[in-house]
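Working notes, structure below.
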Amino acid sequence: MTEPLLSVENLRTYFHTRDGVARAVDGVSLQVNRGETVGLVGESGSGKSVTALSMLRLIRHPGRIEQGSRIVFEGKDLATASEEEMRKIRGNRIAMIFQEPMTALNPVFTVGDQVAEVARIHERASRRAAWRKAVEMLALTGIPSPEARARDYPHQLSGGMRQRVLIAMALMMRPELIIADEPTTALDVTIQAQILELLRDLQQRFGTAILMITHDLGVIAETCSRVIVMYGGEVVEQAPTNVLFAAPHHPYTEGLLRAIPRVGAIRERLAVIPGTVPPPTHWPDGCRFHDRCPYSWERTEHEHPPLYQVGEGHFSRCHLAEEPERRNQPHTPLVARRRVDAA
Amino acid sequence: MRIVPRITAPANAGVVVALGFLSLLLLAAVAAPWLAPHDPLAQPDIVGARLAPPGAAHPFGTDAFSRDVLSRVLYGARISLAVGVLATALSVTLGTAYGLVAGYAGGMLDTVLMRILDGFLAIPRVLLVLVLVSASGSLPLPALILVLGLTGWFHVARLVRAEALVARKLDYVTAARALGASGWRIVSRHILPNVLTPAAVAAVLGFANTIVLEAGLSYLGVGVQPPAPSWGNIMLEGTEQLRTAWWVALFPGIVLFATVVSVNTLAERIRSGPTGAILLR
């Protein structure tokens, strides 16, 4: 197999706070191949956004990428690259699309100015050349009358238009990889579909790889060939998209899939995963999901599970891989039982 | 600069009066050589015309050396305003730069810079300036401006740093970093506009503070040296005859008072305006 475009190995990003060390990302390994779209899913607090920011080394004090982490991009380890080298990669070889299209744009500059800035940074392009290129990019992202819109300020555009502007900024330098952090979360459903369609379209045209970070499994199903599920700062499951949806292995993934409301399904209570993601300063012993898990047993409370291979390209961080019969004995998760005891 | 939201708060009468007064004062200071009825240093008749009360020949009266007080107040405005403007420009520039560096860098550097600043802030400015000024005997005007400027930036730095700390967490600042913008570009393009309003308020208040401080120093005899007129040293000379010739100290006092009140009114207006409104002009 050819070498992956991006290979993250044992990434650990810790925040050294007064309340202790928050292990937000704790030993994550993942690969993205050229031209591929990979989904990264998880609840808030699972560490997916910190993983994304770490890849571009955008973590600020008191956060730190710990020794031994490797982020190999096109053969170069970004974890140890100089700030100068990182600046040449950011926005140029790896670009990022942010969640909130309103706040990710500076309100005091026109959108054309902000798109053009990317070329000014990386190509030392003249003001005029950068502007021309910006208008071209805005046109590519399907913004009508791009010349006029380029002279608008962010507040004059709708959310969907602003997200197109952010995509134009990300694609300006034709990067190898785009990290899209919840690119559609802040948008209306109809606009969401348009934006995903646009991303797919541009990806095919430019052969860009996309790491799609989201908590929306619908977005994953729509766009990704492979999915990585994060929980508690770790990768808990990794599989081709169709496999993950058809036969999830990890109980957490199972729970996520069951929590999707379905149109037309018989009306019943929507399934939820009881409890919340524990604070990253105090991950539970053993499996980090054990107290929310309907299958947990003694072993899961003490022994931290490795990433088991459970199928072709399918990995799961769950002891059920070794004791599959336990899946037939679901019970009330520990958190829910504790709540009943307390009441 | 660029288009920013229009000022929406209604212009109130106080602001109009303050702006009017300051404009007139500035004009008068610039045009002093043509406006002043007499030479501010001339002592035409030290026996016959000394301490003449306000009248047609001398609208503000004359002082103990028979000099025309109106002319001295007009020329004094030039010196007092120049000292205020230049010293404030220096201190706001220094304070903004220091605050931006500390606020954007964050972490250890911020901590160290802020502790140093705390040290500076612990020294009362008036005492610091008095020591500096009196240690050197009498200071030439540029040195006085320098001393006032170098001691006036601490609170500006503190304000700007607080604002920069907030601004650097904005999404578009992270986005700019993710696009590969250099620290300098981020600070000048994305952080600076966010600190302009507090910096402008600090500048305007600092200006009022500085002219009062200069007047105080001159009043104590360590600021602007006679015979050059400044509002402070005119008042100093007037205090000696306050019972017999009230006009010598009163007129510069009124002008100084009106200036400071006007400036503070303006500062309040800028503070309550929308963020970025000061970019307009």
Within the bounds of region A:49-64, is there any residue that is surrounded by fewer than 17 Cβ atoms within 10 Å (Cβ to Cβ), farther than 15 Å from residue A:212 by Cα and in contact with a Lys or Arg (Cβ under 7 Å, 6 or more places away or on another chain)?
no
- prompt: Does residue A:97 satisfy being of a type in the set (A, V, I, L, M) and within 12 Å of chain B (Cβ to nearest Cβ)?
  reply: yes
Return a yes/no flag: does region A:13-33 have any residue that is small (Gly, Ala, Ser), assigned to a loop (DSSP other than H, G, I, E, B) and over 19 Å from residue A:229 (Cβ atoms).
no
Sole miss for residue A:277 among (1) of a type outside the set (D, E, K, R); (2) buried (at least 17 other Cβ atoms within 10 Å of the Cβ); (3) at pLDDT 90 or above is condition (3)
The condition of being buried (at least 17 other Cβ atoms within 10 Å of the Cβ) and under 19 Å from residue B:82 (Cα atoms) holds, among B:198, B:193, B:252, only for B:252
Here the residues within region B:36-58 that are loosely packed, with under 14 Cβ neighbours inside 10 Å and hydrophobic (A, V, I, L, M, F, W, C) are B:42, B:46, B:47, B:56, B:57
Among residues of region A:154-179 being of a type outside the set (A, V, I, L, M, F, W, C) and surrounded by 19 or more Cβ atoms within 10 Å (Cβ to Cβ), the residue farthest from the other protein chains (Cβ to nearest Cβ) is A:160
Restricting region B:160-212 to residues that are of a type in the set (D, E, K, R) and assigned to a helix (DSSP H, G or I), the one nearest to the other protein chains (Cβ to nearest Cβ) turns out to be B:171
Q: Inspect region B:268-277 for any residue being crowded, with 20+ Cβ neighbours inside 10 Å, modelled with pLDDT under 90 and within 14 Å of chain A (Cβ to nearest Cβ) and give the result as yes or no.
A: yes
The lone condition residue A:82 fails out of (1) without any contact (Cβ under 8 Å) to a residue 24 or more places away in the chain; (2) among the polar types (S, T, N, Q); (3) within 11 Å of another protein chain (Cβ to nearest Cβ) is (3)
Only one of (1) within 23 Å of residue A:212 (Cα to Cα); (2) crowded, with 21+ Cβ neighbours inside 10 Å does not apply to residue A:121, and that is (1)
Scanning region B:15-45 residue by residue, those at pLDDT below 80 and part of a helix (DSSP H, G or I) turn out to be none
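Which is closer than 24 Å to residue A:170 by Cβ, within 9 Å of chain B (Cβ to nearest Cβ) and under 20 Å from the mean Cα position of the chain (by Cα), of A:89, A:65?
Every option except A:89 fails the conditions.
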In the set B:221, B:232, B:216, the lone residue that is crowded, with 24+ Cβ neighbours inside 10 Å and either in contact (Cβ under 8 Å) with a residue 12 or more places away in the chain or part of a helix (DSSP H, G or I) (or both) is B:232
Sole miss for residue A:115 among (1) in contact (Cβ under 8 Å) with a residue 40 or more places away in the chain; (2) closer than 29 Å to residue A:237 by Cβ; (3) not in a loop (DSSP other than H, G, I, E, B) is condition (2)
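The values are calculated or read from the model by the stated rules, or taken from the named source; none is laboratory data. Predicted model, so just to flag it, every value in this text is computed and none were measured. FYI the Cβ positions are ideal-geometry reconstructions off the backbone, even for glycines, and counts take in every protein chain you see.
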